[in-house]
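J.: Shown below is the structure under consideration.
The values are calculated or read from the model by the stated rules, or taken from the named source; none is laboratory data. Quantities reported herein were computed from a predicted structural model and do not represent experimental measurements. Cβ: placed from backbone, ideal geometry, glycine included. Neighbour counts: every protein chain shown.
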Amino acid sequence: MISYNIDGVKMPKIRRRDTSAWIKAVAATYGKRVGDIAYIFCNDDKILEVNKQYLQHDYYTDIITFDYCDDEAQMGRHDTLSGDLFISLDTVRSNAQQQGTTYDEELHRVIIHGILHLCGINDKGPGEREIMEAAEDQALALRDKG
């Protein structure tokens, strides 16, 4: 089940049913299915608090993904994605402006970015950012078709 929650912000204008179907379709391209996924849309203050408290990072970011897939694997479900995804709408908005894209496009890029992390794609090591960006572009193209 995919849930959409807010913490200190208004719910972004996303089509939840369509977005959930898109997320499931992207996961399926990686041979995964969606278990319990919780999106928490928040502001910069909240994401900084989460980043400091759980990751010991003292900076703002657009998304923090907590991966619970190992819990699913222990229950014998190795193909099931599960996690909490905190998204700062403030950072999404500023990133969209910096990159010359729309807020909606950037929001969906970040929404799927967390799912791609759960699918095993990283973006911190050498060459990984390019792989992640290509995967995001592929996922966004899938959304545009749907």
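J.: Can you tell me how many residues in the stretch 31-60 are surrounded by fewer than 17 Cβ atoms within 10 Å (Cβ to Cβ) and of a type in the set (Phe, Trp, Tyr)?
T.: Total meeting the criteria: 3.
J.: Give me the residue from the stretch 109-135 that is in a helix (DSSP H, G or I) and in contact with a strand residue (DSSP E or B) (Cβ under 8 Å, 6 or more places away or on another chain) and, out of that set, nearest to LEU81 (Cα to Cα).
T.: LEU118
J.: Looking at LEU142, LEU81, LEU118, can you tell me which residue is under 15 Å from TYR30 (Cβ atoms), surrounded by 13 or more Cβ atoms within 10 Å (Cβ to Cβ) and at pLDDT below 95? Spell out how you get there, then give the answer.
T.: Working: LEU81 fails: at pLDDT below 95; LEU118 fails: at pLDDT below 95.
Result of the check over LEU142, LEU81, LEU118: LEU142.
J.: With respect to ALA28, determine if the residue is under 16 Å from HIS113 (Cα atoms), over 15 Å from the mean Cα position of the chain (by Cα) and not acidic (Asp, Glu).
T.: yes
J.: Can you go through ILE2, ILE14 and tell me which one is closer than 24 Å to GLY120 by Cα and crowded, with 16+ Cβ neighbours inside 10 Å?
T.: Within the list ILE2, ILE14, the selection yields ILE2.
J.: Identify, please: which residue in the stretch 96-108 is outside any helix (DSSP H, G or I) and hydroxyl-bearing (Ser, Thr, Tyr) and is, among those, surrounded by the most Cβ atoms within 10 Å (Cβ to Cβ)?
T.: Applying the filter and picking the extreme gives THR101.
J.: Still on this structure, please answer the following. Looking only at the stretch 1-36, filter to residues that are of a type in the set (S, T, N, Q) and part of a helix (DSSP H, G or I); which one of those is nearest to ALA139 (Cα to Cα)?
T.: Step by step, filter the stretch 1-36, then rank; the result is THR29.
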